[in-house]
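A short write-up of the structure that comes next.
The values are calculated or read from the model by the stated rules, or taken from the named source; none is laboratory data. Just so we're clear, the structure is a prediction, and the values are computed from it rather than from any experiment. Neighbour counts run over all protein chains shown; Cβ positions are idealised from the backbone, glycine included.
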Amino acid sequence: MPLSFLPRAFSFMKLRHLLLPLALMTSLAQAETVFLIGDSTVADYKLPDPRQGWGQAIPASFASGVTVKNFAIPGRSSKSFLEEGAWEPVLAQIQPGDYVFIQFGHNDEKMDADRHTDAYGSYQEFLNRYLVDTLKAGGIPVLVTPVARGGLKKSSGIGSHGRYPAAMLELAKEKKVLAIDLTTLSENLVRKLSFSEIKPLYIASIDGKDDTHFTPAGAKVIARMVAQAISELDTPLAAKVKLADEAPAVPRP
């Protein structure tokens with residue numbers, strides 16, 4: 001091999017070693033992680049549990065390069081999720097540019113001391129803690145108002161979340177962070193559908209009474225609703241939403 005070739009080969013190898021890390025850095029910059037924190041209506045479940053949270057169904061609505069990590073835990077409020085230490089492992093993983101979707105409210109309404117918060121007091125304070133921590137880590141917080149109950153009982157009809165959705169939206173406006181009004185979006189669906197049409201979306205179709213938790217079919221409908229809302233936000237993640245041409249069909253009874 002002519003000696004004159006060696007500098008060219010050496011230069012090529014050096015360039016290759018430089019380009020590979022650059023390509024890896026570019027790939028990492030384009031990748032995004034979506035963290036979900038919340039309650040049972042967001043959480044993942046394993047069979048034979050018939051429930052499914054919308055967080056379990058939403059990964060299908062994102063293009064490749066987006067990783068969804070669902071940390072939602074059934075029964076938790078904005079208060080108990082923090083005080084039980086469930087937030088710490090999430091916060092430890094947040095990297096600059098990651099998203100944190102925050103949906104609490106169902107259990108903040110409960111009157112037990114471990115979970116209850118006041119809508120315009122401790123609820124906003126706990127939510128703000130998640131916002132501050134996420135922003136400090138370089139993440140992008142998104143507040144999500146609590147998804148509607150099915151309205152199959154008088155106690156679970158439209159407006160059953162009281163002042164919590166409004167309190168969350170006012171906090172989002174005050175702190176200038178992204179928000180999705182899932183309460184209104186899902187309540188509009190409940191208004192639109194008949195009793196027989198709404199029931200298959202909820203576990204009430206199995207046990208006759210639970211119109212808080214979703215069946216897999218219901219989770220897909222709500223996940224599509226959330227994904228559509230994300231696609232309309234002014235944020236880079238909107239471009240990563242992958243919506244099917246048609247929304248999931250509401251199952252017929």
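For Gly75, the stated conditions hold: it is within 23 Å of Asp133 (Cβ to Cβ), surrounded by fewer than 21 Cβ atoms within 10 Å (Cβ to Cβ) and assigned by TED's automatic domain parsing to the domain that holds Val147. Note on segment 197-238: residues that are among the basic types (Lys, Arg) and modelled with pLDDT under 95 amount to 2. How many residues does segment 192-247 hold that are assigned to a helix (DSSP H, G or I) and either within 20 Å of Phe101 (Cα to Cα) or not hydroxyl-bearing (Ser, Thr, Tyr) (or both)? Selection size over segment 192-247: 31.
Looking at Val241, Val250, can you tell me which residue is under 21 Å from Gly53 (Cβ atoms) and either of a type in the set (D, E, K, R) or at pLDDT 90 or above (or both)? Only one candidate passes the filter, namely Val241.
So which of Pro89, Pro96 is surrounded by fewer than 14 Cβ atoms within 10 Å (Cβ to Cβ) and not in a loop (DSSP other than H, G, I, E, B)? Exactly one of Pro89, Pro96 is surrounded by fewer than 14 Cβ atoms within 10 Å (Cβ to Cβ) and not in a loop (DSSP other than H, G, I, E, B), namely Pro89.
From the list Leu182, Leu169, exactly one residue is under 30 Å from Gly65 (Cα atoms), crowded, with 21+ Cβ neighbours inside 10 Å and modelled with pLDDT of 95 or more. Which is it? Give the steps one after another, and end with the answer.
Details: Leu169 fails: crowded, with 21+ Cβ neighbours inside 10 Å.
Selected residue: Leu182, the only one of Leu182, Leu169 that is under 30 Å from Gly65 (Cα atoms), crowded, with 21+ Cβ neighbours inside 10 Å and modelled with pLDDT of 95 or more.
All conditions in (1) under 18 Å from the mean Cα position of the chain (by Cα); (2) closer than 19 Å to Gly75 by Cα; (3) of a type in the set (Val, Ile, Thr) hold for Thr117, with the sole exception of (1).
Consider segment 149-159. How many of its residues are part of a loop (DSSP other than H, G, I, E, B) and either modelled with pLDDT of 95 or more or surrounded by fewer than 19 Cβ atoms within 10 Å (Cβ to Cβ) (or both)?
Number satisfying all stated conditions: 4.
Residues of segment 99-144 that are β-branched (Val, Ile, Thr) and assigned to a loop (DSSP other than H, G, I, E, B): Thr117 alone. Under the condition of being over 17 Å from Ser160 (Cβ atoms), of a type outside the set (Val, Ile, Thr), surrounded by fewer than 21 Cβ atoms within 10 Å (Cβ to Cβ) and touching a residue at least 40 places away in the same chain (Cβ under 8 Å), the residues counted in segment 206-219 number 1.
Does Tyr130 satisfy the criteria of being at pLDDT 95 or above, surrounded by 14 or more Cβ atoms within 10 Å (Cβ to Cβ), within 23 Å of Gln228 (Cα to Cα) and of a type in the set (Phe, Trp, Tyr)?
Working: at pLDDT 95 or above: yes; surrounded by 14 or more Cβ atoms within 10 Å (Cβ to Cβ): yes; within 23 Å of Gln228 (Cα to Cα): no; of a type in the set (Phe, Trp, Tyr): yes.
Spelling it out, it is not the case that Tyr130 is at pLDDT 95 or above, surrounded by 14 or more Cβ atoms within 10 Å (Cβ to Cβ), within 23 Å of Gln228 (Cα to Cα) and of a type in the set (Phe, Trp, Tyr).
Among the residues making up segment 61-84, a single one is polar (S, T, N, Q), assigned to a helix (DSSP H, G or I) and touching a Phe, Trp or Tyr at 6+ places or on another chain (Cβ under 7 Å): Ser78.
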